[in-house]
Amino acid sequence: MDKILSARVDEIILNKISFLAQKLHVSKKKIIEGAVQMYAQQVEAAGDMDVFAQTCGAWKRKETIAQTVSHAKSAFRKSMERMQK
């Protein structure tokens, strides 16, 4: 499903996108998508897209799953009790 993207772009860049779209007989959307894909391939080739290394490390918790669930349930219960008073 396509999403709508709104961004302020320099007029020179917008003209280049329009020129490329006309020259290659494709839509401006295809030009932008292609450019993003090329950037992504460059980053992947450089090895800078290790998702696990860049995330917060939720899987490396010192507490067990049961403890995490217990803390979450406790926080929710306290929140509900506070709202009932």
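Since every read-out is calculated from the coordinates, none of them should be taken as a lab result. Treat the numbers as computed from the prediction; the structure is a model and nothing was measured.
Key figures for this structure:
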{"quantity": "Lysines whose Cα lies under 20 Å from that of residue 3, excluding same-chain neighbours fewer than 8 positions away", "calculated": "28, 29, 30"}
{"quantity": "Gained length - residue 30 relative to residue 62, 0.36 nm times residue gap less alpha-carbon distance", "calculated": "7.0 nm"}
{"quantity": "Set of lysines near residue 62 by C-alpha distance (under 25 Å), chain-local residues within fewer than 8 positions excluded", "calculated": "73, 78"}
